[in-house]
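Read the structure below first, then the notes.
Read-outs throughout are calculated quantities, based only on the coordinates presented, and are distinct from any laboratory measurement. Keep in mind it's a predicted model, so treat the numbers as computed, not measured.
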Amino acid sequence: MRLILAILLPFVVFFTINRPFQGIFCLLLQITLIGWIPAVIWAVYALGQYKTDKKIRNMQRSR
């Protein structure tokens, strides 16, 4: 669900993963037509990093 959101509204993804300042900056980037594609790429990348960090934290807890 977040991946679809990252493609349609990239700035919202940053708010869902608790990164509000990056969300505001992404919104400013997204406002420009040229900046939409970099905003989508950045949101998808950040979402992937969030999932990786979450998996690492879960593995460390289970030790």
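Per-structure values
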item	result
CD proxy at 222 nm, helix term only [per DSSP H run n ≥ 4: -39500 (n - 2.57); per residue of the chain; nearest 500]	-26000 deg cm²/dmol
Estimated vicinal HN-Hα couplings, Hz - the stretch 40-55 in sequence order (Karplus 6.51, -1.76, 1.60; Gly, Pro = x)	5, 4, 5, 5, 5, 5, 4, 5, x, 5, 4, 5, 5, 4, 5, 5
HN-Hα J in Hz across the stretch 28-34 - Karplus 6.51, -1.76, 1.60, θ = phi - 60°, x for Gly and Pro	4, 5, 5, 4, 7, 5, 5
The chain: C-alpha gyration tensor shape, a/c 1.5 cut-off, then a/b vs b/c	prolate
